[in-house]
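Presented below is the structure to which this report refers.
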Amino acid sequence: MFLRLVYVSNLSDDVSHESLDDIVEQSSKRNERNGVTGMLALDGRRVLQILEGPPEAVQSLYERIRQDTRHQQVVEIDRRMVDARHFGSWGMERRSMVDVVMLAMTL
């Protein structure tokens with residue numbers, strides 16, 4: 001069983017698009033080491049992220065995100081245990097918000 005957690009947040013004004021690319025790259029490597037997969041969707045400064053993986057790893061990551069000053073107004077949208085990963089081969093893929101809406105229709 002895996003934990004799938006979905007949240008939304010707003011990026012703080014000091015996060016540039018260039019720094020965001022670096023953050024995504026570093027986070028992807030760390031998530032891979034911890035067995036966390038999922039996707040990150042951006043629409044301007046708005047973030048929607050789906051995290052999947054071992055419950056302890058996903059919960060720990062979500063707590064770090066909640067305390068990260070680069071994220072503001074973090075709101076958990078969904079949390080559930082799932083038998084299989086939906087984004088198992090993705091690592092931490094960055095997508096547009098439109099792509100996420102389309103994918104959400106298949107979850």
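The values are calculated or read from the model by the stated rules, or taken from the named source; none is laboratory data. Predicted model, so just to flag it, every value in this text is computed and none were measured. Glycine also receives a Cβ, built like all others from the backbone with ideal geometry; neighbour counts cover every protein chain displayed. We work out accessible area using only protein heavy atoms, side chains counted, and drop any ligands, DNA or RNA first. Shrake-Rupley method; radii C 1.70, N 1.55, O 1.52, S 1.80 Å.
Given Asp68, Asp99, which one is over 13 Å from the mean Cα position of the chain (by Cα), at pLDDT below 90 and surrounded by 13 or more Cβ atoms within 10 Å (Cβ to Cβ)?
The conditions single out Asp99.
Go over the candidates Leu48, Leu40, Leu11, Leu20 one by one and state the one that is of a type outside the set (S, T, N, Q), open to solvent by less than 70 Å² (accessible area, probe 1.4 Å) and in contact with a Gly (Cβ under 9 Å, 6 or more places away or on another chain).
Answer to the check: Leu11.
If His86 meets every condition in (1) modelled with pLDDT of 95 or more; (2) open to solvent by 50 Å² or more (accessible area, probe 1.4 Å); (3) of a type outside the set (Val, Ile, Thr) apart from one, which number is that one?
Every condition holds for His86 apart from (1).
Every residue in region 11-27 that is more than 16 Å from Tyr62 (Cβ to Cβ) and not hydrophobic (A, V, I, L, M, F, W, C), please.
Ser12, Asp13, Asp14, Ser16, His17, Glu18, Ser19, Asp21, Asp22, Glu25, Gln26
Return yes when Val74 is modelled with pLDDT of 95 or more and of a type outside the set (Phe, Trp, Tyr) and no when it is not.
Yes: the conditions hold for Val74.
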